[in-house]
Amino acid sequence: MATVESKMISLGTLAPEFNLVDVHINQKRSFETLKGDQATVIMFICNHCPYVKHIIDGVVEVANEFLDEGISFIAISSNDIEKHPDDSPENMHEFAEAHNFPFPYLFDETQEIAHEYDAACTPDFYVFDDEDKLVYRGQFDESRPKNDEPVTGKDLRNALSNILNGLPVNPEQKPSIGCNIKWKQ
């Protein structure tokens, strides 16, 4: 398992469109139909990554806090399931159920969407405003497995609160750190 940082693509980047299978309902869903009225959080996660496991209940808590405010959350897994069967759609469904995901969990089988978002790690967070422009990319908070920092979602929470309050999102953002996406050869 290689630990890497997110790539911190340019703020203002337009959200790439996608049409991926939602493992909850086994149907394809698109960015256009899932995006929020105020903002959209795209999260690249997977089932087996210790960094994701460490914060996932906090992510669900933050999502539940902001979903009724017009902010949608979309989780995407792009890992190669041949080498990492723990990340298969069946296991994604079980992981989502076990953690009570209030958001869709999409499978990026071809890894095309991870490439379009320039995703590098799990977890990797992106926030797009109501014009589908990137206003935040980076960490959930300072907490990591074994660093004793509490899981608060502070960084993501601050970005979302600023959007809802009509304030600019601070452009000084820290990259997420996690397991590298498991790319196909």
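Laboratory data are not the source of any read-out in this text; all were calculated from the coordinates shown. What you see is a predicted model; the values in this text were computed from it and never measured. All Cβ positions, even for glycine, are placed from backbone atoms using ideal geometry, and neighbour counts span all protein chains on display.
When segment 5-57 is limited to residues that are out of contact with any Lys or Arg (no Cβ under 7 Å at 6 or more places or on another chain) and among the acidic types (D, E), the one that is nearest to F95 (Cα to Cα) turns out to be D57. If only residues of segment 63-74 that are touching a strand residue (DSSP E or B) at 6+ places or on another chain (Cβ under 8 Å) and of a type outside the set (G, A, S) are counted, the one that is surrounded by the most Cβ atoms within 10 Å (Cβ to Cβ) is F73. The criterion of at least 2 residues that are of a type in the set (A, V, I, L, M, F, W, C) and over 18 Å from D130 (Cα atoms) is met by the following strands (runs of 3 or more DSSP E) wholly inside segment 1-102: 19-22, 71-77. Taken across segment 88-103, residues that are in contact with an Asp or Glu (Cβ under 8 Å, 6 or more places away or on another chain), more than 17 Å from E17 (Cα to Cα) and in contact (Cβ under 8 Å) with a residue 60 or more places away in the chain do not occur at all. Residue check: is F101 in contact with a Ser or Thr (Cβ under 9 Å, 6 or more places away or on another chain) and hydrophobic (A, V, I, L, M, F, W, C)? Against the criterion (in contact with a Ser or Thr (Cβ under 9 Å, 6 or more places away or on another chain) and hydrophobic (A, V, I, L, M, F, W, C)), F101 does not qualify.
Restricting the first member to segment 4-29 and to residues that are closer than 15 Å to S77 by Cβ, and the second to residues that are among the small types (G, A, S), the beta-carbon pairs closer than 9 Å and six or more apart or on different chains are F18/S30; L20/S30; V23/S77; V23/A96; H24/A96. Is segment 140-158 home to any residue that is farther than 21 Å from P50 by Cβ, in contact with a strand residue (DSSP E or B) (Cβ under 7 Å, 6 or more places away or on another chain) and hydrophobic (A, V, I, L, M, F, W, C)? No, segment 140-158 has no match at all.
Table: residues versus (1) surrounded by fewer than 19 Cβ atoms within 10 Å (Cβ to Cβ); (2) in contact (Cβ under 8 Å) with a residue 12 or more places away in the chain; (3) not basic (K, R).
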{"site": "L34", "(1), (2), (3)": "yes, yes, yes"}
{"site": "H54", "(1), (2), (3)": "yes, yes, yes"}
{"site": "S77", "(1), (2), (3)": "no, yes, yes"}
{"site": "E82", "(1), (2), (3)": "yes, yes, yes"}
{"site": "P85", "(1), (2), (3)": "yes, no, yes"}
{"site": "Y105", "(1), (2), (3)": "no, yes, yes"}
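For (1) within 15 Å of the chain's Cα centre (by Cα); (2) of a type outside the set (D, E, K, R), each residue gets a yes or a no:
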residue	(1), (2)
P89	no, yes
A96	yes, yes
P104	yes, yes
D108	yes, no
R137	yes, no
L156	yes, yes
L167	no, yes
W183	no, yes
